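*Asks:* Sharing a structure, written as structure tokens. Questions coming.
Computed from the coordinates by the stated procedures, all read-outs in this text should not be read as laboratory data. Everything numeric here is computed off the predicted structure, so don't read it as measured data. Positions of Cβ are backbone-derived with ideal geometry, glycine not excepted, and every protein chain shown enters the neighbour counts.
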Amino acid sequence: MKKRILFGVAGLAALLSACSPGGDAKKGDAPKAAGGSILLIDGSSTVYPISEALGEEFQKASGTRVTVGLSGTGGGFKKFCRGEIDIAGASRPIKAEEVKACADAGVEFIEVPVALDALAVVVNPGNKFVDCLTVDELKKLWEPAAQGKVTSWKQVRASFPDQPVKLFGAGTDSGTFDYFTKAVNGEEGASRGDYTATEDDNVTINGVSGDANALGYLGLAYVTENASKVKAVPIRQKDGKCVAPSVQAARDASYQPLSRPLFYYVNKKFADERPHVPAFLKFAFTAGESEKLVGEVGYVPLPTQAYALALAKVDARKTGSFFDGGSKVGVTVEELLADVGQKPVAAAKP
């Protein structure tokens, strides 16, 4: 994953202060920098590398300044529904209460998938006994009832050693947390609380790489970038095969239930009023460019035809969510394409 240079939060604050007379701008006005407008993206740490890659190349091509924040999916939606950002990156669909918060604030949104991802379960490279896990074994570790009780590897599987297990995972404001708990425990947000929770996936990488008995979960891109520090664990599928997380396994839906779509949520008003917003989306959903950049940062590009469908949805300003206020486990590429192009949309009411 390339290190990319974009405007950070502190730099953006300084720019906004310097470029707004008296430090004040009308609410809803596009932020301005010396060279023009600023595109504001925030949200999921999982989507962050995608936004960073697309943002840098768009910045070079257009001269529009781009800032990418890292508030987590939930934190990004809070800013988005307050009208503070143009685009929210999300690693899960928008929740019912977030739809209501946006509607109450008069924020209509356009929901588009930007990539596919596989959530990876990782252990320390020195761990020689974990070569495959079942979803039921993951549930033993992560369900709420495990808190303070399941503390040893031997409790997960009798053949495992009686060694303490230390857990790392996504913070409760993360879409990764919501999706993982739904996929493994059957309910969003249902999780033991006695683990190291973080919105920064590098904390999980460093924690697992530094403890021989640790286990964590995070997006595939961070595992690909840190392949020497952690070991991805294959997950046993319903047919008995153990499948490791990979770009190909996410694309062909053979890695379940931890494959998922990633999203952009676009403020419709800003798309109408700020020309740099649809310009960025046109860039982001140009198949050749997006496939290259999404793949470069370790994620799974959408099927080529999906980019045109997503862009058509943006051009039509088709608002609302395809989902019923929560994560949907086991979404395939075919279902995702049907969602983008064909399903009727439940509009967000202002």
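*Asks:* Tally Lys/Arg at +1 and Asp/Glu at -1 over every other residue whose Cβ is under 13 Å from the Cβ of VAL208; what's the total? Don't jump to the answer; show the numbers that get you there.
*Replies:* Working: positive: LYS166, LYS229, LYS231; negative: ASP201, ASP211.
Combined, the nearby Lys, Arg, Asp and Glu give +1.
*Asks:* Further, regarding this structure: Hull surface divided by four, with the convex hull built on the Cα atoms of region 134-225: how many nm²?
*Replies:* Taking a quarter of the hull surface, the average projection is 5.7 nm².
*Asks:* Which one, ASN206, PHE168, VAL156, is farthest towards the positive end of the dipole of region 92-213 when Lys and Arg carry +1 and Asp and Glu -1 on their Cβ?
*Replies:* VAL156
*Asks:* Here's a follow-up. Just to verify a number: FRET efficiency for CYS132 and LYS79, C-beta to C-beta distance, R0 = 30 Å, to 0.05? Before the final figure, lay out the partial values.
*Replies:* Details: r = 40 Å, r/R0 = 1.32.
So the FRET efficiency works out to roughly 0.15.
*Asks:* Looking at GLY186, VAL135, ALA227, which one has the Cα that reaches farthest to the positive end of the dipole of region 132-241 (charges on Cβ: Lys, Arg +1; Asp, Glu -1)?
*Replies:* About the Cα centre, the residue reaching furthest to the positive side is VAL135.
*Asks:* Rg(Cα) of region 56-160 divided by 2.2 N^0.38 Å?
*Replies:* Working: Rg = 20.4 Å, N = 105, 2.2 N^0.38 = 12.9 Å.
After normalising by residue count via 2.2 N^0.38 Å, the value is 1.58.
*Asks:* Distance cut-off 23 Å, Cα to Cα: go down the list LYS182/LYS292; LYS95/LYS269; LYS140/LYS229; LYS241/LYS292; LYS78/LYS182 and report the pairs above it. Intermediate results must be reported in sequence, preceding the final value.
*Replies:* Working: LYS182/LYS292 31 Å; LYS95/LYS269 21 Å; LYS140/LYS229 25 Å; LYS241/LYS292 30 Å; LYS78/LYS182 21 Å.
Too far apart for the 23 Å limit: LYS182/LYS292; LYS140/LYS229; LYS241/LYS292.
*Asks:* Considering the Cα trace of region 111-161, what is its radius of gyration and what is Dmax, both in angstroms?
*Replies:* Answer for region 111-161, Rg first and Dmax second: 14.4, 46 Å.
*Asks:* Dipole magnitude of region 196-252 about its Cα centre, charges +1 at Lys/Arg Cβ and -1 at Asp/Glu Cβ only, in debye to the nearest 20?
*Replies:* 360 debye
*Asks:* Compute the signed sum of charges (Lys and Arg +1, Asp and Glu -1) over the other residues within less than 12 Å, Cβ to Cβ, of SER152. Write down the numbers at each step before the final one.
*Replies:* Working: positive: LYS140, LYS149, LYS154, ARG157, LYS166; negative: ASP162.
Value of the local net charge: +4.
*Asks:* Using the per-residue mean of other Cβ atoms lying within 10 Å as a proxy for protection, in what order, highest first, do the peptides 233-241, 174-182, 80-88, 312-320 fall? Can you show the working numbers first?
*Replies:* Details: 233-241: 14.2, 174-182: 25.9, 80-88: 23.9, 312-320: 15.9.
Ranked from most to least packed, the peptides come out as 174-182, 80-88, 312-320, 233-241.
*Asks:* For region 208-277 and region 142-196, write down the distance between their C-alpha centroids in whole Å.
*Replies:* The distance from the Cα centre of region 208-277 to that of region 142-196 comes to 18 Å.
*Asks:* If you don't mind, another one. Nearest 20 debye, what's the magnitude of the dipole of region 155-212 about its Cα centre given +1 on Lys and Arg Cβ and -1 on Asp and Glu Cβ?
*Replies:* On the way: 4 positive and 10 negative charges, 62 e Å.
Taking the Cα centre of region 155-212 as origin, the dipole is about 300 debye.
*Asks:* If you don't mind, another one. From the Cα trace of region 250-313, what convex hull volume per residue do you get, rounded to a whole Å³?
*Replies:* Details: hull volume 6.2 nm³, N = 64.
Spread over its residues, the Cα hull of region 250-313 gives 97 Å³ apiece.
*Asks:* Between LYS318 and GLN155, 0.36 nm times their residue separation minus their Cα-Cα distance comes to what?
*Replies:* Details: separation 163, 0.36 × 163 = 58.68 nm, distance 4.94 nm.
Result: 53.7 nm gained on full extension.
*Asks:* Can you bin every Cα-Cα distance in region 172-315 into 5 Å intervals starting at zero and give me the percent of pairs per bin, rounded to whole numbers?
*Replies:* 2, 8, 14, 17, 18, 17, 12, 7, 4, 1, 0
*Asks:* Students often check this: by mean Cβ neighbours within 10 Å, which of 210-223, 159-172 ranks highest, and how do the rest follow? Could you put the intermediate results ahead of the total?
*Replies:* Working: 210-223: 22.9, 159-172: 17.1.
So the order, starting with the most tightly packed, is 210-223, 159-172.
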